[in-house]
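To start, the structure itself, in structure tokens.
Each reported figure results from applying straightforward, stated rules to the coordinates on display, with no laboratory input. As the structure is a computational prediction, the values presented were derived from the model and not from experiment. Please note: Cβ atoms are built from the backbone with ideal geometry, for glycine as well, and neighbour counts cover all protein chains shown.
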Amino acid sequence: MTVAAFLSDISGFLDDEEDHSSSSSNVHQHAQLTDSVQNETPAPTVLQAQCPPPEDEAARKRALRNVQTGKRRDAYRKRLKEERRSLRCAEVELAARLEELQQNHRRNDSGRAAWRAIAMRQLEGRRVAEAQQERLQAAVKRRREVIQDVEDSLRKRLREVEETFSTERDTACLGATDDGLFEAYLGELDAIYTQTDVVFRSCEAEPTTGPFMNSKPLKKRDGDVEYFENVGVLRVPFEFKRTCGPVGGHATAVPTA
């Protein structure tokens, strides 16, 4: 049951009590009028006064009961009036309180709708950002695996070349003295150094300077946040297209028994 229906029931009850009080008042007035008429009747004879008949005694008792009932009814009616007045005041206060609560509820509903819309937009943006982050992490993982495979292949090839050169040099230097070995090594270095530029130009590669691996992390700032970026880079002094083909073929080649 709502508050408005409850207040309507109270109003109907008060109206019914007013009608009942009016009817009770009319009955009481009729009883008083009857008593007054009886009191105005001529006095009986001395004999009748000394020995009243039973009918007069019953009427007197009935009139006395009517008077007592009227007094009780008056007190009850007065109490009903007080209660009705207090209920009327409570009805006005409750109606005002109900209107205030309804207005607050409407305002709260509009505020909740706005906050719900903002929360939904933020949730959708977060989901989009998380999906993009997952895609970027997957792409970075794939590229890291490719770079690791290329690096392993290059290192393996370099080890094979170094082992071949070491074997040839050891074979050529068997039985030679230390002085002759150093002189031959230095002579080869001079000849190789003079041919470095020619070899780079023939391979269409540009010499790079600086260390191949950056061991010192870079200090960077993103707004109020400072962080260190540690990046390891292996530089290959060849063009990408020219290097990609041989390295890819070497990585996918099936070794023969």
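Using a cut-off of 14 Å between beta-carbons, work out the net charge of the residues near residue 159 (Lys and Arg +1, Asp and Glu -1, residue 159 not included). Around residue 159, the surrounding residues sum to -2. Taking θ as phi - 60° and the Karplus parameters 6.51, -1.76 and 1.60, the scalar couplings of region 56-65 work out to 5, 5, 5, 5, 5, 5, 5, 5, 4, 5 Hz in sequence order, x denoting glycine and proline.
Cross-link partners of residue 220 among lysines, defined as those whose alpha carbon lies under 27 angstrom from its own and excluding same-chain residues fewer than eight positions apart: 141.
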